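Reviewing the structure listed below.
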Amino acid sequence: MTRTDLTTPRRKVLISGASIAGPALAFWLNRYGYAVTVVEKASTLRSGGYPIDVRGTAVEVVRRMGILPQLQDAQIETRRFTFLDGDASLVATVNPQSVAGSVAGRDLEVRRGDLTDALYTAVRDDVEFLFNDSIRTLDQSDHGVDVTFRGGSRRTFDMVFGADGLHSRTREFLFGPEEQFHRYLGYCFAGFTMRNTFGLSHEIMMWNTPGRAAALYAVGGSDEVHAFLNFVHPEPPFDAFDNPEAQQDLVAAIFADAGWEVPGMLAAMRDADDLFIDMVSQIRMPRWSSGRIALVGDAAYAPSFLTGQGSSLALVGAYMLAGSLADRDAAAGFAAYEHNTREFVTVNQDQIGEGDAILFPTTAPALQQRNDMLRNLSTLPATEGRPAHSALTLPEFMPGATPGHCP
């Protein structure tokens, strides 16, 4: 891919969010001639983190970015997934890829921090990053988008992109409160790290009763494991989620009589410095842009962790959005982005409906059915992924007279 003539002025764009969608979008927009600034409210990139998957079409995105070898070197290679019943008896041990629908030797499982580091390294020398800052106000006009930052500065950009996650402030600025786009899937969860006193290595162990699950995920042979508690809640518990202590009390009450390692997990939850508690939900929007502002990744179409496709949709969406702007103005580019990407997003979001996540059965009959399926599941590596993961063939975007440069 050739760069455009850098002697002409470059159109300025702002991306809010430096997790996955943001740096990926910055990479491709820079390739198409845009002058890119990324603002991130955190003071630095988050290192480490829980494991994430890059599957299907998204693998081709990272290959085209040139970071596939780096991610292959960072592969976690989880070796087994053990399921336990309510009394902690063994249900089945299976190959994790058989559950996830991943393809051995092609799809990737890496620490979140390894992916964000690779994306940042690929773009940091060409893109301006503003850490420890965020957008305070947005004001669109015919000449651009006037942005006031919380740090006090003011700047004008030709376009602004919200890549700021499930609870996107950019989306709220543009379209209003999250509730109107929030599709609750009937579950809540808590995630945190704790000491690996279990002797686990390169594996997942999950305990289930109807409507409740507890899992320990050992990424390697380290001293820490990722702990995870998931539970059914008929209505979104908005009241509890207004208060961090109330969140923990809710989780503790749900799992109060649980066995296996859950009592120790609850104690560790209280002391964890990386505890994250949230509702399991998706973002469903009729459109992803307005005027000179567009959304990408979880801000526009969070699929929920139950699909395992959040990172992949972010990578593919960033590629499609930037490519759609390679030789179009904002209005035409945003329209092409939505037209060519929405079906892929929808088919991946539709993998999960309310309360029907196969790993988290909500009733005793559903749990028994799942356990029977696991016992019959082949432990051989998967040879074919889920069709949704590769439902989009990436186009080749070849810029002509690119709008990334002003005439």
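Assorted remarks:
- Only Lys, Arg, Asp and Glu carry charge here, each on its Cβ (+1 for the first two, -1 for the last two); on that basis the stretch 1-153 has a dipole of about 220 debye about its Cα centre.
- ASP350 paired with ARG80, simple spin-label distance in nm, labels 7 Å along Cα-to-beta-carbon: 3.8 nm
- Rounded tilt (10° steps) of 310-324 against the dominant C-alpha axis of the chain: 10 degrees
- Helix 262-271 and the longest principal axis of the C-alpha atoms of the chain enclose an angle of approximately 40°.
- When the Cα positions of VAL123, PHE238, VAL91 are compared along the charge dipole of the chain, VAL123 comes out farthest toward the positive end, with charges on each C-beta of Lys, Arg, Asp and Glu.
- Per residue accessible area in Å² of the stretch 54-93, where ligands, DNA and RNA are left out and the probe is 1.4 Å: 44 Å²
- Accessible surface computed residue by residue for the stretch 303-373, with neighbouring protein chains in place and a 1.4 Å probe, gives 36 Å² per residue.
- In the context of the full set of protein chains, residues of the stretch 182-280 present 42 Å² of accessible surface per residue (probe radius 1.4 Å, heavy atoms only).
- Percent antiparallel among DSSP beta bridges (both partners in the chain, rounded to 5): 70 percent
- The magnitude of the dipole of the chain, with charges of +1 and -1 set on the Cβ of Lys/Arg and Asp/Glu and taken from the Cα centre, is near 1000 debye.
- Extension gain, ARG106 back to PHE131 (0.36 nm per residue minus Cα-Cα distance, nm): 5.6 nm
- Two-site label geometry, ASP87 and HIS167: point separation in nm, points 7 Å out along Cα→Cβ: 4.1 nm
- Of all accessible heavy-atom area on the chain, the percent that carbon and sulfur account for (1.4 Å): 49 percent
- Degrees separating the helix 112-123 axis from the principal Cα axis of the chain, which is the longest one: 10 degrees
The values are calculated or read from the model by the stated rules, or taken from the named source; none is laboratory data. None of these values were measured; they are calculated from a predicted model. Cβ coordinates were reconstructed from backbone atoms using ideal geometry, including for glycine residues, and neighbour counts include every protein chain displayed. Ligands, DNA and RNA are stripped out before the accessible areas are found, and what is left, the full protein with its side chains, is counted by its heavy atoms. Shrake-Rupley method; radii C 1.70, N 1.55, O 1.52, S 1.80 Å.
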